Amino acid sequence: MNSFGSLFRVHIYGESHGSGIGVLIDGVPSGIKLETNDFIPDLSKRKSGKIGTTPRKEDDIPQIISGVFNNLTTGAPVNIFFENKNTDSKVYADFKSHPRPGHADFAATCKYSGFNDIRGGGPFSGRLTLALVAAGVIAKKILKDAIFFSEIETIGLLSKDFFNEKLESYLTEIKEEGDSLGGTISLNIKNIPIGLGEPFFHSVESVISSMVFSIPGVKGIEFGAGFKGTELLGSEFNDCFIDNKGKTASNNNGGINGGITNGNDISLKVAIKPTSSIFKIQDTFNFKDGSIQPLKINGRHDVAFILRVPIVLENAVAIALTDLYLQNRKYNISWED
């Protein structure tokens, strides 16, 4: 299924090399100012062009098909479409019989009996994260005062402290080797109201995690101190209160207690795998010939697609929090804006 949410419901559609991709968002309150230019700042952060990213370049101009009139949301579902223009599908023809390691080629061909569109990864492509970014722009408008700050912490073995002096040469080196890199991204969110989240199965962590794992390439998530917190004593891990608004001296719980927001910053980190499509030859099974054969992947691929993920992470989490925010307003009659 390609839908997420209960009150703020997001449905993505399209495939990487089809006519286009888009997003249908139901549950958008009426009267929110919304025009094409509102999407450009976030969409531009996802674009390729920097060293280490794919040569494929798309205009990514959002076409607002419904749900907006006179630059204001109407309360009807908002449908946003992006046209695919710069596609090159010929390099994908053999991947059903000789699937790429790390991709969904094999699993999808089995699941859909070979009817799946394999071009550019079809519906499994990172191209569809464009739809998440667009929906997140609207989600951020609903969250109003929330402030999102995402940052790449590591790329491969390189930490952010060395990005300025070493990142470009590192990416160039890996590109020349025909290989790829992954890394980690942190996200901090300020000004989230206390009490969002519906335990047990709709806790803040579970809802955010469900959305975050919809981003292709995400392989792990941790909140607050995360796995490092297991090395602390309880007396060290506990976040002691320091004022009557619930502010804590530390934030090892990542702004969440019992599955609901506690008013402190929401803090999380995700792990992004290396790009699966690499130019280095790999020996992998050819299902047509029934033997292991060398696979040389051609085409246009990111050396480190993590470079384009921070805004996707921001807006994906904004979608999750907006759904919880609207649930809180609907079901908690004592809650105040």
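The values are calculated or read from the model by the stated rules, or taken from the named source; none is laboratory data. Computed from a predicted model, the values in this text were never measured in an experiment. So basically every Cβ, Gly included, is an ideal-geometry build from the backbone, and we count neighbours across all protein chains shown. These area figures cover heavy atoms from the full protein model, side chains too; ligands, DNA and RNA do not enter into them. Shrake-Rupley method; radii C 1.70, N 1.55, O 1.52, S 1.80 Å.
Going through (1) out of contact with any Leu (no Cβ under 7 Å at 6 or more places or on another chain); (2) of a type in the set (A, V, I, L, M, F, W, C); (3) open to solvent by less than 40 Å² (accessible area, probe 1.4 Å) one by one, Leu196 falls short only on (1).
State whether the residues of the stretch 48-63 include one that is among the aliphatic types (A, V, I, L, M) and not in a loop (DSSP other than H, G, I, E, B). The answer is no, given that none of the residues of the stretch 48-63 is among the aliphatic types (A, V, I, L, M) and not in a loop (DSSP other than H, G, I, E, B). Got at least one residue in the stretch 144-156 being of a type in the set (A, V, I, L, M, F, W, C), open to solvent by 60 Å² or more (accessible area, probe 1.4 Å) and at pLDDT 95 or above? Yes, the stretch 144-156 contains at least one residue that is of a type in the set (A, V, I, L, M, F, W, C), open to solvent by 60 Å² or more (accessible area, probe 1.4 Å) and at pLDDT 95 or above. For the stretch 21-59, a tally of residues being over 17 Å from the mean Cα position of the chain (by Cα) and at pLDDT below 90 returns 10. Screening the candidates Phe227, Phe213 for the property of being under 15 Å from the mean Cα position of the chain (by Cα) and either modelled with pLDDT of 95 or more or open to solvent by 20 Å² or more (accessible area, probe 1.4 Å) (or both) yields one hit, Phe213. Residues of the stretch 99-113 that are in contact with a Leu (Cβ under 9 Å, 6 or more places away or on another chain) and either surrounded by fewer than 19 Cβ atoms within 10 Å (Cβ to Cβ) or more than 21 Å from Ile272 (Cβ to Cβ) (or both): Pro99, Pro101.
For the stretch 128-141, check the following and say yes or no: at least one residue is open to solvent by 20 Å² or more (accessible area, probe 1.4 Å), of a type in the set (D, E, K, R) and within 21 Å of the chain's Cα centre (by Cα). For the stretch 128-141, residues open to solvent by 20 Å² or more (accessible area, probe 1.4 Å), of a type in the set (D, E, K, R) and within 21 Å of the chain's Cα centre (by Cα): present.
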